[in-house]
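The values are calculated or read from the model by the stated rules, or taken from the named source; none is laboratory data. In this text, all values refer to a predicted model and were calculated from it rather than measured experimentally. Reconstructed Cβ throughout: ideal geometry from the backbone, glycine too, with neighbour counts over all protein chains shown.
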Amino acid sequence: MTRRFWGLTRRQTVGVVAGAAVVGIAIGFILGPSGGDSDRATRAAPTVERVKPGSAGSADAVWVFGFETLRFDARLEGAQQLGVRGFGSVQGDAGRVFMYDPATGRVGSLDARRNTLSVVGHLPPGTAEPDAFLPSIARYGATLWLVSDPGMLTPLDLGTSQVGQPVALVSPPTAATLDHRATGVVAGPGGVFAATRAPGGIEVARIDPATGTVAVAGVIDGSETAPSLGGIAVDAARLWVLSGSVLYTFDPATLEIVRTDEVEERSSGSARGLVAAGGDAWMLTDNGATLTRLRTTTGGLDPVLRILRPVPDELRMPASLVAADDRVFAMVRRREDPEDLTVRVVGFDTAREVPTRGIDVPGEIAPGALAASWR
């Protein structure tokens, strides 16, 4: 086990290691809609059904990874506990969840239809991305693009398991600047996109998957302030990058900034995480207490779902935000107690404009990562 487990501190990791041998899990279901008061009572469901590897399953599932692996349906029901354990960064895909551990270079694939986990390739050991909200895995066609080091992408051919030539997104970092770097990667119809935090700002790049080179570059100037990178997302028409309290919208073809939106002035806490769903951009605001949408049609920032009440003083890890088709799922830690790693998982159907009744996953399994494996 690494010193840090999915964003937990060393103390938290040590505190929950005894949970690795959990035999049965009870999930708490929030009574009423997820947008209600988070302090309302929950009811315990029967022990989660255990599923053997190789058992048939639906391609569409929501996954919670920790010392145990849990899967749910789109309504966050039908909880099942798998006899496999995930690792590293995770990214849901069409009927699969890809995993990547930069420290060892191991790349895995969890097949949702068969409930089996296999290793699909190995990269040279690299540097793990410290920010849990920045995606480290993106699939474009039959190739995975992996953040193998800050400012560096490495392709892996899923058909042959062949590792391609690494792509430098920015100039090679010096020892003094390496710790200040962070990189997120996403894939859309226009190619593979990456954003890297650098001393002078956020450097954005579009990679041509055919040539493995940077085709277009853009920048968010941060020369006067310390830049931060809170998330990156893309759809067919827009690329979004969250830096500090500002959400930047780029033209994905030219990487020119077409609009900026202040986020924090409309919320009471920091914004983190970024996904695209239903033609809009989604993020966690109020230090993880609220799921907020940027409507592309109006430019309005709408808080659509209250996850926690009251608003925390700071964002509590573990936390995660993912999207699949027209659905968005969020996971945030419920309580301030650093020893209590219980998380709340909620969903929102953007097509029907309705929330999904949330669930509370016990901290004994150290839930640390969330994924959705839609077709």
Q: Give segment 120-147 a look and list any residue that's under 15 Å from the mean Cα position of the chain (by Cα) and in a loop (DSSP other than H, G, I, E, B), or say none.
A: Ala128, Glu129, Pro130, Asp131, Ala132, Phe133, Leu134, Pro135, Ser136
Q: May I ask you to list the residues in segment 319-363 that are of a type in the set (D, E, K, R) and either touching a Phe, Trp or Tyr at 6+ places or on another chain (Cβ under 8 Å) or in a strand (DSSP E or B) (or both)?
A: Asp325, Arg327, Arg333, Arg344, Asp349, Arg357, Asp360
Q: List every residue pair whose Cβ atoms sit under 6 Å apart, with the two residues 6 or more apart in sequence or on different chains, where the first one lies in segment 276-290 and is on the phi > 0 side of the Ramachandran plot and the second, anywhere, is buried (at least 23 other Cβ atoms within 10 Å of the Cβ) and among the β-branched types (Val, Ile, Thr).
A: Gly288/Val332
Q) Would segment 208-227 turn up any residue that is buried (at least 18 other Cβ atoms within 10 Å of the Cβ), at pLDDT below 90, touching a Lys or Arg at 6+ places or on another chain (Cβ under 6 Å) and part of a strand (DSSP E or B)? A) no
Q. What number goes with the only condition from (1) surrounded by fewer than 17 Cβ atoms within 10 Å (Cβ to Cβ); (2) closer than 27 Å to Arg295 by Cβ; (3) at pLDDT below 90 that Pro189 does not pass?
A. (3)
Q) Between a first residue in segment 249-263 that is touching a residue at least 60 places away in the same chain (Cβ under 8 Å) and under 17 Å from Gly190 (Cα atoms) and a second residue that is assigned to a loop (DSSP other than H, G, I, E, B) and not polar (S, T, N, Q), which pairs have beta carbons less than 9 Å apart while being 6 or more apart in sequence or on different chains? A) Pro252/Pro189; Pro252/Gly190; Pro252/Asp235; Pro252/Ala236; Pro252/Ala237; Pro252/Arg238; Ala253/Gly190
Q. Does Pro303 count as under 26 Å from Ala59 (Cβ atoms), within 20 Å of the chain's Cα centre (by Cα) and not charged (D, E, K, R)?
A. no
Q) Exactly one of (1) over 17 Å from Val246 (Cα atoms); (2) within 18 Å of the chain's Cα centre (by Cα); (3) surrounded by 23 or more Cβ atoms within 10 Å (Cβ to Cβ) is unmet by Trp282. Its number? A) (1)
(Q) Residue under question is Ala330, and the condition is that it be at pLDDT 95 or above, among the small types (Gly, Ala, Ser) and crowded, with 22+ Cβ neighbours inside 10 Å; does it hold? (A) yes
Q | In segment 90-108, the residues that are within 19 Å of Ala132 (Cβ to Cβ), part of a strand (DSSP E or B) and touching a strand residue (DSSP E or B) at 6+ places or on another chain (Cβ under 7 Å) | A | Val90, Gln91, Gly92, Val97, Phe98, Met99, Tyr100, Arg106, Val107, Gly108
